[in-house]
Structures are given as C-alpha cells and as structure tokens.
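Reviewing the structure listed below.
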Amino acid sequence: MNQAIRDKAKELLASGAVSCVIGYDVGSDGINARPFFAYTEEEADGLAFDQTCTHNLVKYLIDRAGKATAIVVKPCDARALTVLINEKQVKREEVFIIGAVCHGIIESTWGQKGSDLQGRCQTCTQHTPLVYDLLVGEPMAEPTPKAPLDHRAATLANMSVAERAAFWAEQFQRCLRCNACRQVCPGCYCAECFVDQLDPEWVGIRIDLPEKWLWNTIRAFHLAGRCVGCDECQRVCPVNIPLGLLNHKLEEEVATLFDFRPGVKADVPAPLETFKKDEKLGIGE
Amino acid sequence: MARIGVFVCHCGSNIAGTVNIAQVMAAAQTMPLVTFVADNKYSCSEIGQTAIREAILKQKLERVVIAACSPQMHEATFRKTVAQAGLNPYLLEIANIREHCSWVHSNDKAAATKKAIELVKMAVAKVARHEALFTKEIGLTKKALVIGGGISGIQAALDMANAGYPVILVEREPTIGGRMAQLDKTFPTLDCSSCILTPKMVEVAQHPNITLLTYAEVKSVRGFVGNFEVEILQRARKVDASKCTSCGICWQKCPEKIPAEFNLGLGPRAAIYTPFPQAVPNIPSIDLAHCRYIKYQEFVARGEEGKKPPQCRICERLCPPQAIDWEQSDQVLVEKVGAIVVATGYQTFDHTRYGEFGAGRYPDVITGIQLERLLSASGPTEGEVVRPSDGTHPKTVVFVSCVGSRDERMGRAYCSNVCCMYMAKQAILLKEHDPEVQSYIFYIDIRAGGKGYEEFIRRAQEEARAIYLRGRISHIYQDGKKLIVRGEDSLLGRPVEIAADLVVLATGIEPSAGAKELAQSLNISYDAHGFMVEAHPKLRPVESRTEGIFLAGTAIAPNDIPGCVAQGSAAAVKALAVLSRPSLVSDPMVAIVDPLRCTGCFACQRACAFNAIDSQVTRDGKTIAVVNESLCKGCGLCVSACRGVAMNLKGFSQQQLLAEVNALWR
C-alpha cells in the first residue's frame, strides 16, 4: 500500500502532472502519522498510510487552488472533498485523488499506539472512498451500518428540552473559544468567520456561556447538510466537547427531512441552500 | 450623529382607539438619537404629510420613523413625503403599529401600547443605520403579452393594440374565443354569444399590432417588469398556415371521427379539424393522438410485427393548395415583453364526482355547458334540443344548481357566480325552443346581483314559467325512459320527486388546468383552489403582486362576461401604464456582495429564485459572486444562505436587522 502511494506520487511529480502530493508520513514519535507534503520524488519516499492516519487533509487543497495537487484520502475525507468540490472551493480537474481503502483509524495518543478503533470508525459504513483516481489497498466488502457508539446520543434523544439544554450548558461551559474545531474543519473556509466579524458583531468577544453557546450552535447549523462526520473537530477539541454528537444529530435530521447525505454525490447542492417545490416538510400546508 | 424624528399616527381611532399615543410619544422622546416627536390624526392626509415635511425642515431631521399602518399601504407615500422635504427617501422607516399592533391586540390596550413602543424602538434603531439609496433608470420593452384568448384576453389585447402597442396573444387551443364561444345566448339580454364575440375575434386576427399565437403555450417567464423574457411553445399544426385557404375539404373527408371537445362529446369531429366554424384562425390542426397517418408512422417507428395500420393521408391528397406539412414540428419562440396580462380562464367542475346524480352513467344527465351546445344553432344538433340517449325532445327538464359550488364536501366553498343566471337563461331559451317544455330549477339561493339580473330571474319565472324549488337533490336514477329526480323542497319541508326527460347540472367554475403551474413560473400567487391572487382585493383587483403582471377574467375568480370584459380593459390600462413610461425605475433595495468576504461557494446562486447571481473574477484571480441588480428582487434568500455573511441586503442589512433585535433587549 505504501509502495503504491509512493510509486504513484513519484510518477505524478516526475511527469509534472502535479506539483505536490499531500499525504501522511510517520510522526516524530515514530508511531502516529502526521500530514506530509511531498514536492519532490525523493520526498515522496516518506509517504505512508496506516491506521493512525487520522487527519482529514482535504482542507489543505483550498490553499493550493490553481496548482495541480495529488492527495491521499480515506472514505470520510473523500466525502469532505466532494463537498468542497460542490461548493467550488476545489476544482476536481486540479486534484488527483489517491483513495485509500480504510480499515478504520485507531485511538492512539502521543508515543503510544492504542488498540481500539476510533468511535467514528466503529460505526462507519465505508471502507472504500466514493471517489478516487487511484485506489490503493485491497478492496473489501462494505460494513453494515451500526447504531451510534456514543451512548449519549440515545440518552440525549430521550431527554426533555430542559435536560438537553442543561447537558449542553455543561459541555459548552468548558469551551475556551480557541477555534480549533473551526481551523480543522474542511467545511469552515469562510474568508472571515462570523465569530470574528465586528460589524455586525454576531457573537460578543466575552468568553462566557452565552457567547460559547452561540458560537457552537451557529457553527453546527452552518455545517448542517455539509458535515460528513469526520469528527476532526471533536478530536482536536482541547476540552473534549462532544461536537460529534451535535453534528451527527443534524446530519440525521437532514437525512430524514431531505433524504440527503453530504459528499455522497457530486453536483448535488446541500438542501439548506436550495428550494424544491415538493419539499414542504409539513410547514404551512 | 443623525437627528431622528418620530411621527405617531392615530389613524383616526384605528390606532388611537387601542394604543395610548401619548405614552408612545413619551417613550419615543427618550430613545437614542430621537430629537423630535409628533403625532398626526391621519399621517397620510395632506395635512399630516405637510406637518411631517415642515418638521423635517424646521427640526433639521435627518431620518424619519413613521409609526402608522403597514408599509405595504403607505411606505411609498411617505417616501415621497420625506423626499419632498429634501431627504433621501430611503432614510425612512415605518413602524407598523396598526396591522401588527392595534388591530390584532384590540382586546388588551396596555399590551398593545407596550408593543407599539417596542416597534417604534426597533424602527429607531434600524433607521439610525439606514443609508441613502439611489434608484437607477432602466429601459423597457414596449410590448405586451396576453396569456389566454378568451373574452378577457381578447379585450385586453384589443385595448392595448388600439392604444398603439404591439401585443402577443397566446392561446393554448387551436382557436381564440374561449368559453364564450361555446355559449348560445348571453344573460340578461339574450343576445347571441357568437354574434358579439366573433367580430372581436376577427378584429384580433386582423389587427396590425397583434401577433396571434394559437395552439401555443407559455413555457417559462424570466425577468422583471418592463423586461420579461418569455418562452412560448408553438405546437405543430402540421398545416402550412400560409397556404391553407380554410376550404374545409380536409376535415370533411378525414375518415377518423372522435368526440368533439368543443361540443363536450355531443358530436363528432375529424382528426384534422377546427373546433368550430367561426374559429380564428380558421386553420385546421391535425390531432396527433388520433391521425391515422401519425399512428402509422408511430407503428413503423416502433418496428412492431403484424399488420400495418392504413397510411391514410387523405387530407394531404385532397388538399387543393397542398398545405399539409408532415415535417412541421413544435417550435420554441423567445419573446421580450414589458408587461403580461394573465387571462387563463376556467374549466367546469368535474360533475361525475357527484355519483348520486348519475352523471357519466345516464346519458340524459348533462351539464349546463352541454345544454349550451344543444341550444346553439352552430352546435351538434343545429339548435335542436334533444336527449343524447334517444334524440327525442325533452318536455320536463330539471336543473340542479351548485354542482361543485358552495359544497364543502367537494372542497368548493365558493359560489360560481354565473350558474343561477345561466339556469334562468336556459329555462327561457328552452321555452322559446319548445313551448311545451316545463323547467324545474332546484336552487339553494338565487344570486342575481348584477344590472338587470333580478328582473331576468322574474322573466324566467313569469314568462318561461320555470318552477323554482328551494332544496338540494338527493338522488337521480333512471326509470325506463325517465330520470327520477328525488330531492327536498325545503320551503315546504316535503320530499319532491320529479320524472324528468333531461337533467341539467349547473356545474361550477374552477381554474383552468395548468393555471397553478403557470402562476408558479410567473412567480404570482394563487389561492387554495388555484385562482390567481390580486395585489389588493378591492384597490388593486387586476394586478398581481408581481409588478408588471396583471390579471383578468375567471383566472381570478368566477365572473360573468361583463365582469370579464371590464377586467380585461382594466388590466390593459394597468399594463399600458407600464408600457407608456419612458423608462422604469429600479428598486435599490437589492442584495450586494462584499468581495472580501465572498469565498465563491455560490450557495447564493443555488438559493436565488430569480437567477440574479452572476460570477465575476477579481484581479487576484478569485471567482466570486456578483448580484445582477436588475434581476434581484431583494428577497434576501441569498443573505440567509451565505454563511460567511458576504451577502447583505440594502435597506434590510444585517446591521440594521441586528440593531432592531438588540434594541428590544435594551
């Protein structure tokens, strides 16, 4: 698998088809993967793919607009890439997609390799990316859908509105407003995020619960119908806010209301930015 | 800092009767930037407007809040008022303390006053952030489109054409004339429908300013007032209109006979046909669904085994000028127009939904419009009223009113307006045709509000000896040659049973098939039944809520011929008021893109219902969105679709709206 990625990367770089290959190499702890940019054939020898390749790399493509680039994607990353292509942030013809067959990413910490699959991977229904120019790894049968692993999802659904509000108040109270969730999210590419805007000032600069609450809920709504559930926001959150719970809930709502999963098909716009006559959802009729 | 003036309107007692004006004024005095507060008995009156103008000048006001009725009512009025005092007309905000406040909270004066104060507070916060906006002049196409060639559309087209403007009249059927062409005589004067309609049809055909497109349909409409772009599908007649002399050999010799739609199935027509002898244009069309040669071609194209159907082509062989053109195909025409009159008319209610009346099962249970065809000298029986079942002359005729009208069971709460009158007319005509005829008319109420209408009902009762029975019919069944009609005379409280030779169902009016879809493509609203909605039911009865699109005839609501003709003329005048302007003024309250915030995701473009978002490439090579101001309607969909807040709406900017919300919490 590593060799297939390296060979293709070298071939693309040598022919000038791309000027950079974005993938993974082994981090300085010798265990965990980290994002890696190969600009030369020699550098391409460092490329690797294993079960520690947790990062979603597609956001790097936005800054490489206009320059042909190859990228290594997992199935979830591929969906995020389709979202970016649909939203005209990445041009499909400028990207060579190396799709990696993914057996799931394992939970691991610095210097220590874990053994359990990450939560998102335990319920994932895809081993093979939906879109790729070259597939690396042995294709395998797709897993059957499983109920969400996080038991809090079911608990939340059964709570009263007040109980749910109390739950989220407790979670959001920890928020530092460090914006790591935004920085890592492939769906967050606004030139000036609403939370940074001063005219109008949508969210005050105070670091207190109302502002934290507003920030997290508005961001979740901006991702409704766009979030592919890669859970990178949750992974990078330094205070462990279960943002995935929020995003997955909205993903399910959108799927139920509009029969839509983001990033599955090219050229199908997100439901919250389109209007169809038959989509009445029982409102007003 | 802006100096803001607040004017609180009493609207007589409309507002002052519920809202405490003095309290609202006192509260307004304390609002930020407010330097002047006054009240007016009627702000919209000449005295009220003068007071506002004088206050602006004397108090050096820079922004104005008028707390009065809905902006739909008088925003335009007050914009002119402030402009006359030298202010930019967009430095005005209306606080709606009538419709949104006094009218809906008339039972709680204290709460209404509190709400009025809050509405004023929001308006003050918003107007402080208003910017001067400027209109632009845009050109227009001085040409009108009329959709529908019934009497309403004909009248509108003729009036506009006579005023000197070119008109395109589009009719879905092969001829103009509409429903009126099917009628025998018209109430309450009993003049012959054709005799008054046909000359108008001919005038349309010969008018140098009218382009008549029959057998054609409007497929799509884009653009805006003054600058609509319309796609019209011209269906192929398979007859070359430039060669055809309307000699009639083709439809006489065509061997295929089918029930004629124009006669509601009471007589046959050929596969090549004109709907009726006075059709305009009098060019036949080939009905593709029934023509033998077309069927033959389809059979061959399918490549099926078996015996080939006959090739026929008799019309082609016999046509003296060789006008049959099998190669003719449907065409899409694109036209630019400045104003549109929608006159799509009606169809009658499907009476077979009333199973208890036996319609569709008993041939002698017919509809009012079928009786019109039987009465008409140009009808299938040349004016001889006979029973469809056996051709005998009916002597006892029962009319059933409100079939598909005033019946909640059928989802039709409304009155179809014309049925009472046409039943009376038909009873009179039946008596004229055959003095032995006895008519019975079952009615709920007799609606005869028009000029000379009540007298006409008396005529039916006294001269034609029609017997009016108040009550509904419960059941109709066949007994030998007779139809037994059972019902109740609700005045006597007694059941009635009449052995009738013919039963006439006064079927109600509903909008034409496809009217809803057309309304959708025109972006005009329609009600639950599919009737088009007027901009104001009393004051703007022939305007739609979309500027430049006007309405006439039964597309709006059931109406009789005088009403439809009046609406046709009224719509024409409204359209002419657009066409005769040298140029139009654009609304400056449109969306605007902040190029620094736009990431070019084009969510706005996907959200826009008016195709008003284009793309442009910036100097640094970024592709971003740009608003086509002449197409933008200022609806704000793009603003809500834009996550990065790169879109804003002039006159309703995010800053202004957020200021309103924030004002509520201060």
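The values are calculated or read from the model by the stated rules, or taken from the named source; none is laboratory data. For clarity, every value in this text was computed on a predicted model and none was experimentally measured. Positions of Cβ are backbone-derived with ideal geometry, glycine not excepted, and every protein chain shown enters the neighbour counts. These accessible areas exclude ligands, DNA and RNA; they are computed on the full protein's heavy atoms, side chains included. Shrake-Rupley method; radii C 1.70, N 1.55, O 1.52, S 1.80 Å.
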Review point. Over the alpha carbons of the stretch B:350-510, what is the largest minus smallest coordinate on each principal axis, giving the biggest first in Å?
Key: 36, 36, 33
Check your understanding: Among B:ASN282, B:ALA535, A:GLY23, which residue has its Cα positioned farthest towards the positive end of the charge dipole of the protein assembly as shown, with +1 placed on the Cβ of Lys and Arg, -1 on the Cβ of Asp and Glu, and the dipole taken about the Cα centre?
Key -> B:ALA535
Exercise for review: Can you check what the net charge comes to around B:ILE176, using other residues whose Cβ is under 13 Å from the Cβ of B:ILE176 (Lys, Arg +1; Asp, Glu -1)?
Suggested key: 0
Check your understanding: When ligands, DNA and RNA are left out and all protein chains stay put, how many square angstrom of accessible area per residue does the stretch B:249-323 have with a 1.4 Å probe?
Key -> 55
Review point. To the nearest Å, what is the center-to-center distance of the stretch B:166-219 and the stretch B:40-67, using C-alpha atoms only?
Key: 51
Revision key, fill the gap. The long-range amide H neighbours of B:CYS244, using H built 1.01 Å from N in the peptide plane and a cut-off of under 5 Å, are none
Review point. Equivalent-ellipsoid semi-axes (√(5λ), Cα gyration tensor) for the stretch B:249-323, whole Å, largest first?
Key: 24, 15, 10
Exercise for review: Just flag the trypsin sites (Lys or Arg not before Pro) in the stretch A:179-261 sitting in loop per DSSP whose Cβ has no more than 12 other Cβ atoms within 10 Å.
Suggested key: A:ARG206
Point to revise | Carbon plus sulfur fraction of accessible area for the stretch B:4-127, probe 1.4 Å, in percent | key: 55
Revision key, fill the gap. So the A/B interface buries, both sides summed and with a 1.4 Å probe, an accessible area in Å² (nearest 100) of 1700
**Study point:** Nonlocal amide H pairs with B:ARG412, under 5 Å, H built at 1.01 Å
**Key:** B:ASP407
Exercise for review: Output the peptides B:183-191, B:475-483, B:561-569, B:103-111 sorted from most to least packed, where packing is the average of other Cβ atoms within 10 Å over each peptide's residues.
Suggested key: B:561-569, B:183-191, B:475-483, B:103-111
Point to revise | Heavy-atom accessible surface of chain A: percent carbon and sulfur, 1.4 Å | key: 55
Practice item. Tell me the trypsin sites (Lys or Arg not before Pro) within the stretch A:29-75 that lie in a loop according to DSSP and have at most 15 other beta-carbon atoms within 10 Å. Key: A:LYS67
Review point. Cα axis of helix A:2-15 to longest principal axis of chain A: angle in degrees, 0 to 90, nearest 10?
Key: 70
Exercise for review: Give the distance, in whole Å, between the Cα centre of the stretch B:448-502 and the Cα centre of the stretch B:265-295.
Suggested key: 37
Check your understanding: Ranked highest first by average number of other Cβ atoms within 10 Å, how do B:599-606, B:291-298 line up?
Key -> B:599-606, B:291-298
Study note, to complete from the structure: Computed over chain B, the relative contact order (Cα-Cα under 8 Å, seq sep at least six) in percent reads 13
Point to revise | Cβ charges +1 (Lys, Arg) and -1 (Asp, Glu), total dipole of the stretch B:514-666, debye | key: 360
Check your understanding: Helix A:209-223 sits at what angle to the longest principal axis of chain A, using alpha carbons and giving 0 to 90 degrees rounded to 10?
Key -> 60
Check your understanding: What does the charge dipole of the stretch B:350-510 about its Cα centre add up to, to the nearest 20 debye, if the Cβ of each Lys and Arg holds +1 and the Cβ of each Asp and Glu holds -1?
Key -> 320
Check your understanding: Can you give me the relative contact order of chain A as a percent, contacts being Cα pairs under 8 Å and 6 or more apart?
Key -> 16
Point to revise | Cα shape, the stretch A:14-108, gyration tensor, a/c 1.5 rule | key: oblate
Review point. Which net charge results for the neighbourhood of A:PHE49, defined as the other residues with beta-carbon distances under 15 angstrom from its beta-carbon, given Lys and Arg at +1 and Asp and Glu at -1?
Key: -2
Review point. Projected onto the charge dipole of chain B (+1 at Lys/Arg Cβ, -1 at Asp/Glu Cβ, origin at the Cα centre), which of B:PHE262, B:ILE369, B:ASN96 gives the Cα projection farthest towards the positive end?
Key: B:ASN96
Check your understanding: Mind checking the mean number of beta-carbon atoms from other chains within 10 Å of the Cβ atoms in B:605-614?
Key -> 2
Check your understanding: In peptide A:21-31, how many Cβ atoms from other protein chains are near each Cβ within 10 Å, on average?
Key -> 0
Point to revise | DSSP-defined antiparallel bridges as percent of all bridges, the protein assembly as shown, nearest 5 | key: 50
**Study point:** Folded to 0 to 90 degrees: helix B:419-433 orientation relative to chain B principal axis, Cα
**Key:** 20
Revision key, fill the gap. Volume per residue (Å³) of the convex hull spanned by the alpha carbons of the protein assembly as shown is 261
Study note, to complete from the structure: With x for Gly and Pro, the residue-by-residue ³J(HN,Hα) of the stretch B:611-623, computed from phi through the Karplus equation 6.51 cos²θ - 1.76 cosθ + 1.60 at θ = phi - 60° and given in whole Hz, is 6, 9, 9, 10, 10, 9, 9, 7, 5, 8, x, 7, 9
Exercise for review: Hand me the GluC sites (Glu not before Pro) from the stretch A:129-218 located in a DSSP loop with no more than 14 other Cβ atoms within 10 Å, in residue order please.
Suggested key: A:GLU201
Review point. Between B:HIS290 and residues 5 or more places away or on another chain, which pairs have amide H atoms under 5 Å apart, with H built 1.01 Å from N, and which residues are they?
Key: none
Practice item. Which order do the peptides B:488-497, B:514-523 take when ranked by the mean count of other beta-carbon atoms within 10 Å per residue, highest first? Key: B:514-523, B:488-497
Check your understanding: By DSSP, what percent of the beta bridges with both residues in chain B are antiparallel, rounded to the nearest 5?
Key -> 50
Point to revise | 1.4 Å probe, heavy atoms, protein only - residues of the stretch B:634-659 losing at least 20 Å² accessible area vs chain alone | key: B:ARG643, B:GLY644, B:VAL645, B:GLN654, B:GLN655, B:LEU658
Review point. For chain A, what is the charge dipole size about the Cα centre, in debye to the nearest 20, if Lys and Arg each add +1 at the Cβ and Asp and Glu each add -1 at the Cβ?
Key: 320
Study note, to complete from the structure: In whole Å, largest first, the alpha carbons of chain B cover along the principal axes 89, 71, 46
**Study point:** Peptide A:192-199, shielding by other chains (average Cβ, 10 Å cutoff)
**Key:** 3
